[in-house]
Amino acid sequence: MRILIANDDGYLAPGLAALVAAVQGLGQVEVVAPEQNASGTSNALTLNRPLQVFTAGASAPGVQVINGTPSDCVHVALTGLLGYRPDLVLSGINQGANMGDDTLYSGTVAAAMEGYLFGIPAIAFSQVQKGWGDLDAAGRVVRAVVQQVLEQGLPAQPFLLNVNIPNRPDADRLPRRVTRLGRRHASEPVIRQINPRGEPIYWIGPAGDAREAGEGTDFHATASGFVSITPLQVDLTDHARLPDWRARLERAG
Ligand code: MN
């Protein structure tokens, strides 16, 4: 079993070390992680400059570091750096939830998705609260989920799982729910300030509160004391409205 690990919080993030420790003994592990925190970079690939790889020192032994995005890390690993095809791609453990619409912006989910797009089963792991509280317990959840997936055998079809873990010392004893993504309200307004040169600057505002957080969603599950596992797919097609759009916009020719 060969496992590729990446994250979006950067190669020095405690959550990355926790993920590596969590899967110790389950396979041959290679870690390729971004040099800097790249949260919120979604599936971005760096196309306007070359990427460099270096091996981290004592701060993160054995970790290969790339001055790029989470997707860059997995993409470069899979298309040349590793020299082999891993059986499983893991991402995280992220500092903070990746649920509902946030998954579209998440670098953690994107790193796993890059593996999935290459046909490799992939799992993204996040802690619901920021601050790295109860990271050991989150690591035990990771190990249990990965072990279970491996014991059941990796299916021929790749899959993409998005796991969100409540920050609790007993996280590994919490029940698990397989969920769908909830929805969020629109983000808070952008924050306008004046910089020391007297010019306006803008900070992206915080995410909106959960809008659809009912039974069955990731928001509901984690708020109710469950570990949430959402199976994701990448097809963005609006299948339900295909007939309507065909009627409105297609023409013979
Ligand atoms: Mn992050």
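The values are calculated or read from the model by the stated rules, or taken from the named source; none is laboratory data. The structure displayed is predicted, hence computed values, not measured ones. Cβ placement follows ideal geometry from the backbone for every residue including glycine, while neighbour counts extend to all protein chains displayed. Remember, those area values only see protein heavy atoms, side chains included, never the ligands or the DNA or RNA. Shrake-Rupley method; radii C 1.70, N 1.55, O 1.52, S 1.80 Å.
What the table shows:
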| quantity | calculated |
| --- | --- |
| Selection from segment 148-159 of residues that are assigned to a helix (DSSP H, G or I) and either surrounded by 19 or more Cβ atoms within 10 Å (Cβ to Cβ) or within 19 Å of the chain's Cα centre (by Cα) (or both) | Val149 |
| Which numbered condition Arg143 misses (of (1) open to solvent by less than 70 Å² (accessible area, probe 1.4 Å); (2) in a helix (DSSP H, G or I)) | (1) |
| Complete set of residues in segment 77-106 that are aliphatic (A, V, I, L, M), away from the ligand (no atom under 16 Å from the Cβ) and out of contact with any Phe, Trp or Tyr (no Cβ under 6 Å at 6 or more places or on another chain) | Ala77, Leu81, Leu82, Leu88, Val89 |
| Residue that is under 28 Å from Gly115 (Cβ atoms) and open to solvent by 90 Å² or more (accessible area, probe 1.4 Å), where the choices are Arg176, Arg246, Arg251 | Arg176 |
| Matching option when the condition is within 21 Å of Ile93 (Cβ to Cβ) and of a type outside the set (Asp, Glu), among Gln193, Gln127 | Gln127 |
| From Thr55, Thr41, residue being of a type in the set (S, T, N, Q) and closer than 23 Å to Gln127 by Cβ | Thr41 |
| Scope segment 212-229; condition exposed (fewer than 14 other Cβ atoms within 10 Å of the Cβ) and closer than 21 Å to Ser187 by Cα; matching residues | Gly214 |
| Filtered residue count, segment 171-184, keeping only those that are more than 16 Å from Thr103 (Cβ to Cβ) and either of a type in the set (D, E, K, R) or not in a helix (DSSP H, G or I) (or both) | 6 |
| Residue satisfying all of: in segment 11-41; within 10 Å of Thr69 (Cα to Cα) and of a type in the set (S, T, N, Q); farthest from the chain's Cα centre (by Cα) among these | Gln36 |
| Tabulated pairs, segment 29-43, first at positive phi, second of a type in the set (A, V, I, L, M), C-beta under 7 angstrom, 6+ apart or interchain | Ser42/Leu104; Ser42/Ala110 |
| Residue tally, condition of a type outside the set (A, V, I, L, M, F, W, C), within 13 Å of the ligand (Cβ to nearest atom) and touching a helix residue (DSSP H, G or I) at 6+ places or on another chain (Cβ under 9 Å), over segment 107-136 | 4 |
| Where a residue in segment 104-123 is on the phi < 0 side of the Ramachandran plot and its partner, wherever it lies, is of a type in the set (Asp, Glu) and within 10 Å of the ligand (Cβ to nearest atom), with Cβ under 6 Å and at least six apart | Gly107/Asp8; Thr108/Asp8 |
| Members of segment 217-253 found to be outside any loop (DSSP other than H, G, I, E, B) and touching a residue at least 24 places away in the same chain (Cβ under 8 Å), listed by number | Thr217, Asp218, Phe219, His220, Ala221, Thr222, Val227, Ser228, Ile229, Thr230, Pro231, Leu232 |
